[in-house]
Amino acid sequence: MADNLCLLGLIILSSLLTGTSGVNNPHVFISSGENVRLPCNNALSDCNSSTWSYVSRFINSATVELITGGINKEDTERPERLSLGSDCSLNIKNITEEDRGLYICRQFVNGEQGTDAHVYLYVLHVSVSSSSSSSSQTEISPGRSVTLSCRLYSFAGSSCYDRVHSEELQLLWVNQAGVDLKTDSRYQILFSSDHCFITLTTTLLNEDDNREWRCQLTLRNQLQTSVRYTVKYSASETKVSVTAGSLFRVIVMIVEMAVFAAPTVILLQIICARRAGRKDSQHPEEIEMPTILQ
């Protein structure tokens, strides 16, 4: 435990000294669900000696070896998502917020340990909640209030709060055209106290189906990464809506037909009755005469 805390202290101190632009301590921002490449800036021509280790988001976490001697460790939780690049970089597929943390690239030259390369991985993730009465699933449909929560997950030793205030990290919600939604009164935008968590709340409209909103992360006004959320109404909701609308139109048509057809029916009955009367007067029925007995 003491060794881990000591190592972590040295890592944090090194990060503060070199800063974001320092070659030895790059900070990588990625959105959940994407693939990422973490560079090994001290890479040698031969990556067979490369060892990648990981320190999770918790300060007291132990260092976990992911790749040793250029080969994946099979006893890790994610060996199928990890691979070593030809330049000794670490490739991770389908990033989740649990992947955030500190990654260390270490190499050996003639049995001697070289200089470690540190990479801090930040993950941007969006979750959704709705005013649905059902707690088992999130229902997205017109008329419901929906809240989109966007959070930047960071390593515990590299505070998101510090980076927001010292290096101008910013989270914002924008529409498909890239317009900041804070300018639209329809949306309620709220920040957490450390500005590493931002929510968007709005009431869904019929025309919101297939509408896209994006949570963007910028550093000194330069886009780093973003997460898209597209509103999707279920087919059943659409079908019910269409069926209800069609039924209403049919009822209206029947009522209209009844209103306008009633006088027509009465008129036809009068015409038919008059024609029948004229026919009777022109062709009277023959009267049966009694037979005279002879």
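The values are calculated or read from the model by the stated rules, or taken from the named source; none is laboratory data. Predicted model, so just to flag it, every value in this text is computed and none were measured. Neighbour counts run over all protein chains shown; Cβ positions are idealised from the backbone, glycine included.
A few notes on this one:
- A Cβ distance below 8 Å, combined with a sequence gap of six or more or placement on separate chains, defines the contacts here; from the range 16-38, residues that are within 11 Å of I92 (Cα to Cα) reach no residue that is among the charged types (D, E, K, R) and modelled with pLDDT under 50.
- Every residue from the range 122-150 that is part of a strand (DSSP E or B) and at pLDDT below 85: S130
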